[in-house]
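Peer 1: The structure is given below, and queries will be raised subsequently.
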Amino acid sequence: MKSELKKFLQNDRKRILGVYLWGKYIYLAGLIREDPHWSVLFFSKEPLHIDDETIQVRDVAEQIKMLCLKENFNSDFLAFSVSAAQTFCYQKKFPEMSLSELSESVRWDIDANVPYAENAYWYDFCYQNDAVWLAAIEKNGACDILDAFQKAGLQLTHLTMEALAEGMNCDAEKIEWQQQAFSFSDRIESRILEEGDRQAFIAAASVIAAPEKNINFLPEVYRHSLWNWKKISCSLILIFLCILSSISVVNYWRLYKLNGQLREKTQQLMLLNRDNQKIARLTQMKDERDRTNLILTNLSADRLSWYSILIHLGVLNVDDVWLSDVTIDENHYLQLQGKAKNYQALVDYIHKFETENEIFTERPMLTRSEMMPGDIIVFTMQIK
């Protein structure tokens, strides 16, 4: 699954063209992928079309373009191999270290040994036979090659150098190199492979080989990325839309559930409001009933009190004293108005109130006594 995803997100490398100049000839090798294997589609050897001894790179690029049309081969990747004489290279052993540390060490080592001016070259390195090969090419010459291919409408993806063909096994059906087999297609004519053929093949095969095992002088900015950023961008957008859709679906489901809960709570609240209204009405009715009962109780209590008072007043009566009016004020003081035939009868009447404490809580107080014509005493007395 992981390898399939990686293959999907990478630029399609189905057709690779390797180019090598040797003498006055151009050597081409075309590779094609027939999943899951690679095949050598053709080898081609063509003389350079030059009018003098000087080889112009732009003319070479144009001729390569015509040869591709002749072979009906439109390459996805193009690798051009220069001769060792055009480069500065040497082999060196480094202590065991990480790739990033090795890259830094190589840069310092190249700077110390390269015959070119500072910043006037491109370099790269690769592993071979438990050692590291360091190589550099003059920047101006490399830029001329890159520019010539661009003007010819060809995208140069790898600029490499001729390599030792050791470890390459070749028979009538296939080539084996770096533990990978490349079968021959029916288009290949039966002939002995020349050194130029081998170098063109190695240039093409280096595109699919591990980067640390091959030289590519082109800086990263000029290299053709293995990753298909258009596919990656579309995939990321699709993933983002899927995530966004999933979030929307989840949020919609949550909203749906919340709306259901809200409807349920609203119904419960409506029922609760009805119950509260019933409770309020019942409470109001109870309060009204309690007030009514209180009034009735007070009225009943008042009636019973007057009855008791009148009974007691009748019991406390003495001869020659009679009452003309009985009232009670807001402070619960009983006001008695009456008449007596003489003061001794009045004194006896008051004395009876002093000895009675079942209803009356204080001693009686005579507030008025006056002798009227006919020797009748009019009096007013209050008692709690």
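Taken together, the values in this text are just the output of simple stated rules run on the coordinates, not laboratory data. Keep in mind that what you see is a predicted model, and the values were worked out from it rather than measured. Backbone-built Cβ (ideal geometry, glycine too); neighbour counts: all protein chains shown.
Peer 1: Top mean-square fluctuation among Phe94, Phe73, Phe125, Gaussian network model of the chain, C-alpha springs under 10 Å?
Peer 2: Of the options given, Phe94 has the highest mean-square fluctuation.
Peer 1: Among bridges DSSP assigns within segment 2-226, what percent are antiparallel (round to 5)?
Peer 2: Roughly 75 percent of the beta bridges in segment 2-226 run antiparallel, per DSSP.
Peer 1: For Tyr123, what is the net charge nearby, where nearby means another residue's Cβ is under 15 Å from its Cβ and Lys, Arg count +1, Asp, Glu -1?
Peer 2: Summing Lys/Arg as +1 and Asp/Glu as -1 gives -4.
Peer 1: Between Lys265, Lys14, Lys139, which gets the highest mean-square fluctuation from a Gaussian network model of the chain, Cα cutoff 10 Å?
Peer 2: Comparing Lys265, Lys14, Lys139 in the GNM, the peak value goes to Lys265.
Peer 1: Same structure again: Could you identify which residue out of Gln155, Gln261, Gln337 has the top mean-square fluctuation in a GNM of the chain using Cα springs shorter than 10 Å?
Peer 2: Comparing Gln155, Gln261, Gln337 in a Gaussian network model of the chain, the most mobile one is Gln337.
Peer 1: Which shape class applies to the chain: rounded if a/c is under 1.5, otherwise prolate when a/b exceeds b/c and oblate if not, where a ≥ b ≥ c are the square roots of the Cα gyration tensor eigenvalues? Don't jump to the answer; show the numbers that get you there.
Peer 2: Working: a/c = 7.59, a/b = 5.24, b/c = 1.45.
The shape class here is prolate.
Peer 1: Relative to the present Cα-Cα distance, how much length would full extension add between Ile311 and Val221 at 0.36 nm per residue of separation?
Peer 2: Between Ile311 and Val221, full extension yields 19.8 nm more.
Peer 1: In addition: For Ile26, which sequence-distant residues (separation of 5 or more, or a different chain) have an amide H within less than 5 Å of its own amide H, given hydrogens modelled in the peptide plane?
Peer 2: Sorted by chain and number, the residues that satisfy this are Glu46, Leu48.
Peer 1: Once every DSSP H run of n ≥ 4 in the chain is given -39500 (n - 2.57) and the sum is divided by its residues, what mean residue ellipticity at 222 nm do you get, rounded to the nearest 500 deg cm²/dmol?
Peer 2: For the chain, the value works out to -15000 deg cm²/dmol.
Peer 1: Next up: Cut-off is 10 Å between beta-carbons; in what order do Tyr20, Tyr256 appear when sorted fewest neighbours first?
Peer 2: Exposure proxy ranking, most exposed first: Tyr256, Tyr20.
Peer 1: Continuing with this model, one more query. Expressed in nm to one decimal, what extension gain is obtained for the pair Ile243 and Met365 from 0.36 nm per residue of sequence separation less their Cα-Cα distance?
Peer 2: Stretched fully, the Ile243-Met365 segment lengthens by 34.0 nm.
Peer 1: Now for a separate question. Report the full-extension gain for the segment Asn259 to Val378: residue separation times 0.36 nm, less the Cα-Cα distance, to one decimal in nm.
Peer 2: Numbers: separation 119, 0.36 × 119 = 42.84 nm, distance 8.84 nm.
Stretched fully, the Asn259-Val378 segment lengthens by 34.0 nm.
Peer 1: Taking only C-alpha pairs under 8 Å that are 6+ residues apart, what is the relative contact order of the chain in percent?
Peer 2: Averaging sequence separation for qualifying contacts and normalising by length gives 15 percent for the chain.
Peer 1: If each of Ala280 and Met97 carries a label point 7 Å out from its Cα toward its Cβ, how far apart are those two points in nm?
Peer 2: 8.7
Peer 1: Now a separate question. Which far-off residues, 5 or more places away or on another chain, put their amide H under 5 Å from the one on Phe42, with H placed in the peptide plane?
Peer 2: Residues meeting the amide H criterion: Gly30.
Peer 1: Would segment 32-102 count as rounded, prolate or oblate if I go by the C-alpha gyration tensor, calling it rounded below 1.5 in a/c and otherwise prolate when a/b exceeds b/c, oblate otherwise?
Peer 2: Oblate, because a/c is 1.5 or more while a/b does not exceed b/c.
Peer 1: I would also like to ask the following. Past the 32 Å Cα-Cα mark, which pairs from Lys65/Lys93; Lys93/Lys139; Lys24/Lys93?
Peer 2: Lys65/Lys93; Lys24/Lys93, as the Cα separations exceed 32 Å there.
Peer 1: A follow-up question, please. Sequence gap at least 6, Cα distance under 8 Å: using those rules, report the relative contact order of segment 316-383 to the nearest whole percent.
Peer 2: 33
Peer 1: Another question, if that's okay. What ranking of Trp322, Trp22 emerges when the number of other C-beta atoms within 10 Å of each C-beta is taken as an exposure proxy, fewest first?
Peer 2: Trp322, Trp22
Peer 1: So for the chain: antiparallel DSSP bridges make up what percent, rounded to the nearest 5?
Peer 2: In the chain, approximately 85 percent of DSSP beta bridges are antiparallel ones.
Peer 1: Determine one quarter of the surface area of the Cα convex hull of segment 316-383, which equals its mean projected area, and express it in nm² to one decimal.
Peer 2: Averaged projected area of segment 316-383's Cα convex hull equals 4.4 nm².
Peer 1: Rounded, prolate or oblate: which fits segment 2-226, taking a ≥ b ≥ c as square roots of the Cα gyration tensor eigenvalues, rounded meaning a/c under 1.5, else prolate when a/b beats b/c?
Peer 2: Oblate shape, in that a/c is at least 1.5 and b/c is the bigger or equal ratio.
Peer 1: Taking the Cβ of each residue in Asp319, Asp144 as the centre, tally the other Cβ atoms inside 10 Å and list the residues starting with the fewest.
Peer 2: Ranking Asp319, Asp144 by Cβ neighbours within 10 Å, fewest first, gives Asp319, Asp144.
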